[in-house]
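This report concerns only the one structure given below.
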């Protein structure tokens, strides 16, 4: 079980990775982790994720009210809290603006073609949520039909949100979405897609379910 300090160090680490890999620019994006007491450790508003230190992070309660920290709370914390309320298995959320995946979101195109076996196993599909104004309750509510069955969602004309049992998983899901989007873009540029057959997809989904079950068992054991 990680300490609060270890979670802080991780958020700073993955914030830098988001910035270095071009998944965010300027002050875009936010990251959060659900702590053992139910509060949420998160990145502050209006700060580059590549320039943060642990002293810049803030902690909020389940309603989004600041508990500690010297900086302001991001207006998009409501989206994170909504995901935590609806996914008890999720302990970390990453929101970013990866250029290729956000391009698909801006074009109104979900990433739902089974183009690569690895993508089907790791993410299944990446659906598209309708546009809502960032930082508003409507943005979180717009994710409602999709949060339960997916670990990554495109937000129309906005960006991407990913989540998982820990921050490493949530971050890796974000990298995977952008990688998937780049592959999909190439197929569009070539003017041809050849998705996997329904039979192959069904087999891959079985592998995905086994993978998820094993991860949940492993996570439960690590908490014992």
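The values are calculated or read from the model by the stated rules, or taken from the named source; none is laboratory data. Only a predicted model underlies this, so the values are computations on that prediction, with no experimental measurement involved. Reconstructed Cβ throughout: ideal geometry from the backbone, glycine too, with neighbour counts over all protein chains shown.
If you scan segment 36-56, which residues turn out to be touching a strand residue (DSSP E or B) at 6+ places or on another chain (Cβ under 6 Å) and closer than 20 Å to residue 84 by Cα? So that I can check it myself, show each step before the final result.
Step one: list which residues in segment 36-56 are touching a strand residue (DSSP E or B) at 6+ places or on another chain (Cβ under 6 Å), which gives 39-44, 56.
Matches in segment 36-56: 39, 40, 41, 42, 43, 44.
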* Structure fact -> Note on residue 157: of the conditions (1) surrounded by fewer than 19 Cβ atoms within 10 Å (Cβ to Cβ); (2) closer than 28 Å to residue 38 by Cα, unmet is (2)
* Asked: Which of the residues spanning segment 57-76 are in a loop (DSSP other than H, G, I, E, B) and either farther than 22 Å from residue 86 by Cβ or free of Cβ contacts under 8 Å to residues at least 40 places away in the same chain (or both)?
  -> 57, 61, 62, 63, 64, 65, 69, 70, 71, 72
* **Residue count for segment 100-142, restricted to those that are at pLDDT 95 or above and either under 15 Å from the mean Cα position of the chain (by Cα) or over 26 Å from residue 19 (Cα atoms) (or both)** => 8
* Would you be able to tell me the number of residues in segment 129-145 that are surrounded by 19 or more Cβ atoms within 10 Å (Cβ to Cβ) and either in contact with a strand residue (DSSP E or B) (Cβ under 6 Å, 6 or more places away or on another chain) or touching a residue at least 40 places away in the same chain (Cβ under 8 Å) (or both)? => 5
* Quick check: anything in segment 19-39 crowded, with 20+ Cβ neighbours inside 10 Å, at pLDDT 95 or above and part of a helix (DSSP H, G or I)? -> yes
* Structure fact -> The residue from 62, 44, 110 that alone is exposed (fewer than 15 other Cβ atoms within 10 Å of the Cβ), in contact with a helix residue (DSSP H, G or I) (Cβ under 9 Å, 6 or more places away or on another chain) and at negative phi is 62
* Structure fact -> Residue hits (segment 48-58; surrounded by fewer than 21 Cβ atoms within 10 Å (Cβ to Cβ) and out of contact with any helix residue (DSSP H, G or I) (no Cβ under 6 Å at 6 or more places or on another chain)) are 48, 51, 53, 55, 56
* Tally of residues being farther than 13 Å from residue 98 by Cα and either surrounded by fewer than 17 Cβ atoms within 10 Å (Cβ to Cβ) or modelled with pLDDT under 95 (or both) across segment 167-182 -> 1
* Within segment 1-41, track down each residue that is within 16 Å of the chain's Cα centre (by Cα) and on the phi > 0 side of the Ramachandran plot. => 22, 29
